[in-house]
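K.L.:
Let me give you the structure first, and then I'll get to my questions.
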Amino acid sequence: MKIIYCHHAEREVNPHKQRSQNDDITENGIKDAELVSELLSNQKITAIYTSNFYRCKKTAQIINRELNVPIIEEERFNEVGSVEGESWKECLQRNIDALNDILQKYNDDAIIVCVASGVNLSAFVCWNLGMKPNKNFPFMGATNCAPIIFYAPSKTSFREKKFEREFNALKYRKNKDYKIETPTFGELKSNLLYTLKAKAEQMEMFTNKLKRENYLTKLGQLERAQDMGEIETKKFLGNRLALDIMQIIKDICLAEKIEYDSVRTTTALNLNEEQCIKNMITYTERLFYLDINIQETLMLIYSTLVSYINYNDLIYNDIERTCVLVEEQEGSYYNGKTIYKIR
């Protein structure tokens with residue numbers, strides 16, 4: 001299932017009047033909502049959910065002009081403070097409860113649009129990551145009428161089987177504690193995107209010596225790293241990271257039926273490490289948005305990766321050759337590895 005979060009259109013603000021849940025939207029806001037309606041017209045939308053606030057309901061009605069689907073009001077999507085004495089954590093939780101109820105109501109192929117306010121985006125992110133809400137969960141800013149796709153999360157573990165004998169596989173599959181299912185396309189794609197996002201954030205982590213050592217400890221490579229020295233250790237981790245990112249880009253191309261050669265580029269931008277990290281995180285986050293050119297964004301990610309390789313004095317040809325080797329031996333997520341989910 002896909003949940004498309006959409007912030008309401010631009011609010012009409014009267015400086016002489018206190019803001020309220022009855023505030024209207026501006027003329028620019030109406031035009032933005034009409035553009036969203038056109039954008040979503042090629043999606044098989046099942047229903048639109050909206051908060052009780054007038055600006056959200058009006059935005060939903062305009063979006064629905066091209067869709068003609070049921071509009072359902074959900075008061076749990078109202079802004080923080082709409083419930084007297086409510087804490088930030090409680091606000092996040094009621095939004096999450098509403099999303100979980102929607103999840104139970106529709107099948108896996110459903111696409112639901114939720115029109116809400118900026119504060120609600122934090123709850124959607126918290127829900128999508130499977131995190132328990134807490135008072136310190138950050139506020140996530142949202143742009144007016146900017147649709148963001150969330151793939152419905154599930155209690156899923158992704159397992160890989162490599163060169164297992166048949167009797168071992170059968171024994172494992174017969175384990176009564178697990179129900180083994182084939183992941184949906186959305187789950188696989190979501191898993192790839194979050195893995196890529198995690199790898200982009202690792203770039204930033206590796207610039208910090210303490211975080212780098214913690215990571216190496218988890219890998220059981222700290223003693224080896226101390227022998228290699230800091231510069232060679234950073235190269236070792238950089239090689240590993242570049243290889244993982246290259247493989248994930250290939251897998252996303254495969255999932256999206258995009259020619260890998262149309263994304264692959266040896267052109268590097270003249271960026272320092274800090275700029276590489278910033279670009280990588282920005283472009284990776286862009287993949288989660290609805291109205292982006294995936295091929296172009298993957299090419300920008302790849303180009304940033306080449307810049308990162310060059311900046312850290314890594315050898316591009318060696319990384320690409322190793323990536324091909326890994327692919328031949330283990331396969332990608334869709335070609336070779338058997339990936340399934342266990343509930």
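K.L.:
Taking the Cβ-Cβ separation of F137 and F185 as r and a Förster radius of 35 Å, what is the calculated FRET efficiency to the nearest 0.05?
P.N.:
It comes out at approximately 0.75.
K.L.:
Quick check on packing: order 116-124, 86-94 by the mean number of other C-beta atoms within 10 Å, highest mean leading.
P.N.:
The packing order, highest mean first, is 116-124, 86-94.
K.L.:
Are there trypsin sites (Lys or Arg not before Pro) in the range 231-270 that DSSP puts in a loop and that have at most 12 other Cβ atoms within 10 Å, and which ones?
P.N.:
Passing both the DSSP loop test and the Cβ count: K257.
K.L.:
Applying 1/(1 + (r/R0)^6) with R0 = 25 Å to the Cβ-Cβ distance of E84 and Y54, what FRET efficiency is obtained, to the nearest 0.05?
P.N.:
Once rounded, the FRET efficiency stands at 0.80.
K.L.:
If you don't mind, there's one more thing I want to ask. Using r as the Cβ-Cβ distance of V324 and Q43, and R0 as 25 Å, what FRET efficiency do you calculate, to the nearest 0.05?
P.N.:
Once rounded, the FRET efficiency stands at 0.10.
K.L.:
Here is a follow-up. For each pair in K218/K250; K2/K199; K31/K189; K2/K257; K199/K278, compute the distance between the two Cα atoms and list the pairs where it is over 21 Å.
P.N.:
With Cα atoms farther than 21 Å apart: K218/K250; K2/K199; K31/K189.
K.L.:
Starting from the coordinates of the alpha-carbon atoms of the range 185-342, obtain the Kirkwood hydrodynamic radius over all distinct pairs and give the value in Å to one decimal.
P.N.:
Computed over Cα pairs of the range 185-342, the Kirkwood hydrodynamic radius comes out at 16.3 Å.
K.L.:
Still on this structure: Please report the base-10 log of the normalised intensity I(q)/I(0) for the range 237-313, using a Debye sum with one equal scatterer per alpha carbon and no solvent, at each q in 0.28 (1/Å).
P.N.:
-1.47
K.L.:
Based on the mean of other Cβ atoms within 10 Å per residue, sort peptides 97-110, 34-47 so the most packed one is first.
P.N.:
34-47, 97-110
K.L.:
Calculate how many DSSP beta bridges within the range 2-143 are antiparallel, expressed in % of all such bridges and rounded to the nearest 5.
P.N.:
5 percent
K.L.:
Still on this structure, I have one more. Fully extended, how many nm does the chain gain between A146 and N68 (0.36 nm per residue separation, minus their Cα-Cα distance)?
P.N.:
Length difference between fully extended and current span is 26.1 nm.
K.L.:
If the reach is capped at under 15 angstrom between alpha carbons, list the aspartates and glutamates near K57, excluding any in the same chain fewer than eight residues apart.
P.N.:
Filter leaves E10, E12, D23, D24, D32, E34, E73, E74, E75, E79.
K.L.:
Along the three principal axes, how long is the range 2-151 when you take its alpha carbons, biggest first, rounded to the nearest angstrom?
P.N.:
47, 37, 21
No lab work stands behind these numbers, since they all come straight from the coordinates. All values reported here derive from a predicted model rather than from experimental measurement. Neighbour counts are summed over all protein chains in view; Cβ atoms, including those assigned to glycine, are modelled from backbone coordinates with ideal geometry.
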